[in-house]
Every structure is written in C-alpha cells, then in structure tokens.
Amino acid sequence: MRLFLGGKVIRVEVLDDKGKIIVTSEKNFILPKNMDDGDSIVIIKGRNLPDLEYNSIVSVVTTTKTNDRIMYTGAVAVSIDTQLNIKILCNDDMQLLKERRRFFKIKTNEKGRVLFYIRDEKTVRFDDPPEIIVRDINVGGIFFSCEEEFMAGDTVCADIDLFKDCPLNAAVKVLRVQREADGSIKGYGCAFDTLTGAQEDTIGRYILKSQSEQRRLDAEKEE
C-alpha cells in the first residue's frame, strides 16, 4: 500500500464533483491492497447510502492515523442502499492533500498522572504521582496542566486515562512552558518521545471516538 503514507487508513470519504462530502466511513470500508492496481475497487458498506448514478465521477479521500490524506479520482460502479463500490481511475490524478498540521489535534479534558521525569540525565520518581489534565492530544504530542512544575527539555513519563481498560503510558518531551498573563504556568506543550504502533492505534481510536461523539452532539443541536 505504497500510497498510504501514514500507515493504517482510519477514514474514507467520498466527494461529489463540487467537492462536497457525500459519504464518510470510519470502519465499514474495504480498500484494495494496492491503489495503483488498474482494477482497484473501494467498497463502502452501511445503511441508507446515497443513490449515485452509475459511472458518475467522484473523489475518494483516504485518511491515515497520522492524518496523511490522499485524494483519488473514481467512478461509481455499484450504488445501492447498503453498499457503494467505486472504481479508482488513473492515479495520475492522485493528490496528497496538505494540512495545516500533520497531526490532527482535538481538545480534551482527560486525567492522568506523572510517574517520573528525567532532567539533566537525573530521574525523579514520585511516591504520590501528581495529577495532570490533558487539554489536547494528537499522535504527535499533548498539552497538559499540572501543579508540579516542569522545565522545557524535561522528559515526563505519564499514564493518561484515554480508555479506562487501557491507559496510555508514554514518555513526552516538554517543548514549551506556556504561561498566563500574570506569569503563572498554564501548561506544557509536549511531543511524544517514542510511540509503539499499539500506542498510536490507541490514540487514533480515542480521536475517532471523540470526533464521533462531537458529531453526534452537533447533530442533536441541529435537530
């Protein structure tokens, strides 16, 4: 899957000829092993899918867990209430969509705790781990607040309660200390030091869950 730059695809969108999103799927899709194949078919399953004209031209946008987004040109091959098949056309039209940020960030308010931190090669451990509040997160890093004070350059090891049954344990590097107008510390902007594939998946699942919940709330407000 050479064209899936960020690895695992977590979302597929179908756009009409005016660029309007007509279908979004975050799990009920099947992608070909190689989008370069001349017989590539993208399959989306669901309920109440739109009725699209056979052979009409659409755009297919794949999004990976690191927010690499690639747009392909396709033609509708099958369009029924429960399934949409799109044949990918010549990939000369393939586009890597540029984002303002490489990693999609979401606001949050999840709790966690600092187990230890490293400063100037010295490790400081806590008998009573101080609590942190994660204010935003993406697969690149987090911004958190804490009563314990840290410095730019510190490496902080934290448990973050993204999922109750599977807390995220990861090391982050403090890149900046953000202060309020009065000089008090608002929080710490950090980059993940290293992440395993499983940890990236955990963050990706959390972001998708949060996005789905926000869309549900927005839909309820519109009603």
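The values are calculated or read from the model by the stated rules, or taken from the named source; none is laboratory data. All of these numbers come straight from a predicted model, not from anything done at the bench. With ideal geometry, Cβ positions are generated from the backbone for all residues, glycine too; neighbour counts draw on all protein chains shown.
Structure above, values below:
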quantity: Residue selected from the range 169-223 under the condition among the hydroxyl-bearing types (Ser, Thr, Tyr) and within 17 Å of Gly140 (Cβ to Cβ), by the criterion surrounded by the most Cβ atoms within 10 Å (Cβ to Cβ); calculated: Tyr188
quantity: Tally, over the range 10-65, of residues that are over 22 Å from the mean Cα position of the chain (by Cα), surrounded by fewer than 17 Cβ atoms within 10 Å (Cβ to Cβ), closer than 25 Å to Ile207 by Cβ and of a type in the set (A, V, I, L, M); calculated: 0
quantity: Hey, Asn138 at pLDDT below 90 and assigned by TED's automatic domain parsing to the domain that holds Val60 or not; calculated: no
quantity: Residues satisfying the stated conditions in the range 148-184, i.e. small (Gly, Ala, Ser) and part of a strand (DSSP E or B); calculated: Ala158, Ala170, Ala171
quantity: Among (1) surrounded by fewer than 17 Cβ atoms within 10 Å (Cβ to Cβ); (2) free of Cβ contacts under 8 Å to residues at least 40 places away in the same chain; (3) more than 20 Å from the chain's Cα centre (by Cα); (4) not in a loop (DSSP other than H, G, I, E, B), the one test that Ser145 misses; calculated: (2)
quantity: Single residue of the range 148-168 satisfying the filter (closer than 12 Å to Glu110 by Cβ and surrounded by fewer than 18 Cβ atoms within 10 Å (Cβ to Cβ)) that is modelled with the highest pLDDT; calculated: Asp159
quantity: Residue in the range 208-221 that is hydroxyl-bearing (Ser, Thr, Tyr) and under 14 Å from the mean Cα position of the chain (by Cα) present; calculated: yes
quantity: Selection status of Arg119, surrounded by 12 or more Cβ atoms within 10 Å (Cβ to Cβ) and either β-branched (Val, Ile, Thr) or over 18 Å from Val177 (Cβ atoms) (or both); calculated: no
quantity: Number of the exception - Tyr117 against (1) more than 23 Å from Phe143 (Cβ to Cβ); (2) at pLDDT 95 or above; (3) not aliphatic (A, V, I, L, M); calculated: (1)
